[in-house]
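A short worksheet on the structure shown next.
The values are calculated or read from the model by the stated rules, or taken from the named source; none is laboratory data. All figures in this text were calculated on a predicted structure; none of them were measured in a lab. Cβ: placed from backbone, ideal geometry, glycine included. Neighbour counts: every protein chain shown. The area values use the complete protein model at the heavy-atom level, side chains included, leaving out ligands, DNA and RNA. Shrake-Rupley method; radii C 1.70, N 1.55, O 1.52, S 1.80 Å.
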Amino acid sequence: MYDNSTYIQQFVETYENKEISIFDTETTGLDVFHDDILQIAAVKICNGEIVRNSQLSIYLESDKPIPEMLGDIVNPIIEERKHHTLLPRKNALKKFLDYIGDSVLLGHNADYDINILKNNVKRDLCEERNNVTLLSPYIDSLRLIKLLRPQLRQYKLKYLLEMLHLEGVNSHLADADVDATRNLVVYCYSKAKDIVNSQLQFMQQKRVQDRVLVVRNNY
């Protein structure tokens with residue numbers, strides 16, 4: 001996918017040179033086409049450090065039913081929404097798109113969050129569909145940690161926090177999950193920066209380049 005580069009190298013270069021918006025969503029369900037986003041939270045980092053006053057947490061109106069249980073725990077978003085102003089969907093989504101600016105989005109299992117976000121934007125900001133181009137490219141910390149620690153038993157955020165001894169909780173509230181993901185991202189960078197050179201050296205070998213060409217042509 002990357003000429004003379006890798007996903008890990010792209011992450012390292014982005015981490016060191018660009019502003020990253022780490023984000024998470026809480027939703028009414030897992031159907032990215034029809035479910036609603038209930039909360040969007042984000043924080044911006046630059047070279048691993050939180051950008052001052054960049055924390056964001058938005059609660060959105062929704063007329064869809066909210067699941068009372070998430071597995072065997074009570075869904076905390078139901079109680080939490082009682083203590084925050086619920087913004088009209090269009091206003092909330094525009095606020096988040098404006099927040100992103102030129103930064104690169106990053107999430108844990110970001111494919112899901114990006115897809116439900118794109119479809120919510122298309123549905124609720126139908127006259128501004130071009131805004132979905134702001135949502136790519138993006139980085140997925142789930143993909144990163146799978147590449148960096150391929151022998152782990154699972155890759156759910158809660159498990160990773162425990163296994164890697166990182167601060168944070170996987171609370172099923174977007175703002176807390178963003179904080180936890182940020183700690184995972186810092187960990188990923190500490191591991192990724194040490195293997196970029198060896199990856200590039202490997203890729204420069206003629207036998208590897210020949211194999212890459214075969215795979216690309218067949219694909």
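Scanning the stretch 65-97 for residues that are part of a loop (DSSP other than H, G, I, E, B) and not acidic (Asp, Glu) turns up 65, 66, 67, 71, 75, 84, 85, 88. Checked against (1) open to solvent by 30 Å² or more (accessible area, probe 1.4 Å); (2) closer than 22 Å to residue 15 by Cβ; (3) assigned to a loop (DSSP other than H, G, I, E, B), residue 146 meets all criteria but (3). The condition (being touching a Phe, Trp or Tyr at 6+ places or on another chain (Cβ under 9 Å), part of a loop (DSSP other than H, G, I, E, B) and either surrounded by 12 or more Cβ atoms within 10 Å (Cβ to Cβ) or basic (Lys, Arg) (or both)) is satisfied by just one residue among 62, 54: 54.
Can you find a residue that is in a strand (DSSP E or B) and open to solvent by less than 10 Å² (accessible area, probe 1.4 Å) anywhere in the stretch 129-137?
Filtering the stretch 129-137 down to residues in a strand (DSSP E or B) leaves none.
Looking for residues that are in a strand (DSSP E or B) and open to solvent by less than 10 Å² (accessible area, probe 1.4 Å), one finds none in the stretch 129-137, hence no.
Of all residues in the stretch 14-42, those satisfying the criterion of being within 19 Å of residue 184 (Cβ to Cβ) and surrounded by fewer than 20 Cβ atoms within 10 Å (Cβ to Cβ) are 14, 16, 18, 19. In the set (1) at pLDDT 95 or above; (2) over 18 Å from residue 31 (Cβ atoms), the condition left unmet by residue 101 is number (1).
Would you confirm whether any residue within the stretch 189-206 is within 28 Å of residue 81 (Cα to Cα), touching a Gly at 6+ places or on another chain (Cβ under 8 Å) and assigned to a helix (DSSP H, G or I)? Even if it seems obvious, please write down each step before you answer.
Within the stretch 189-206, the first condition is being within 28 Å of residue 81 (Cα to Cα), and the residues that meet it are none.
Scanning the stretch 189-206, I find no residue that is within 28 Å of residue 81 (Cα to Cα), touching a Gly at 6+ places or on another chain (Cβ under 8 Å) and assigned to a helix (DSSP H, G or I), so the answer is no.
What do you reckon, is residue 113 open to solvent by less than 40 Å² (accessible area, probe 1.4 Å) and in a helix (DSSP H, G or I)? Answer is yes for this residue. Just one of the numbered conditions (1) loosely packed, with under 12 Cβ neighbours inside 10 Å; (2) in contact (Cβ under 8 Å) with a residue 24 or more places away in the chain is not true of residue 195: (1). Here residue 21 does not qualify as of a type in the set (S, T, N, Q) and assigned to a loop (DSSP other than H, G, I, E, B).
Among what's in the stretch 73-110 and is under 18 Å from residue 137 (Cα atoms) and over 13 Å from the mean Cα position of the chain (by Cα), pick the residue that is surrounded by the most Cβ atoms within 10 Å (Cβ to Cβ). So that I can check it myself, show each step before the final result.
Going residue by residue through the stretch 73-110, those that are under 18 Å from residue 137 (Cα atoms) are 96-110.
Restricting the remaining residues to those that are over 13 Å from the mean Cα position of the chain (by Cα) gives 96-99, 101-102.
On the way: 96: 24, 97: 17, 98: 10, 99: 16, 101: 10, 102: 8.
Once the filter is applied, the top-ranked residue is 96.
When the stretch 152-179 is limited to residues that are in contact with a Leu (Cβ under 8 Å, 6 or more places away or on another chain) and touching a residue at least 60 places away in the same chain (Cβ under 8 Å), the one that is least open to solvent (accessible area, probe 1.4 Å) turns out to be 177.
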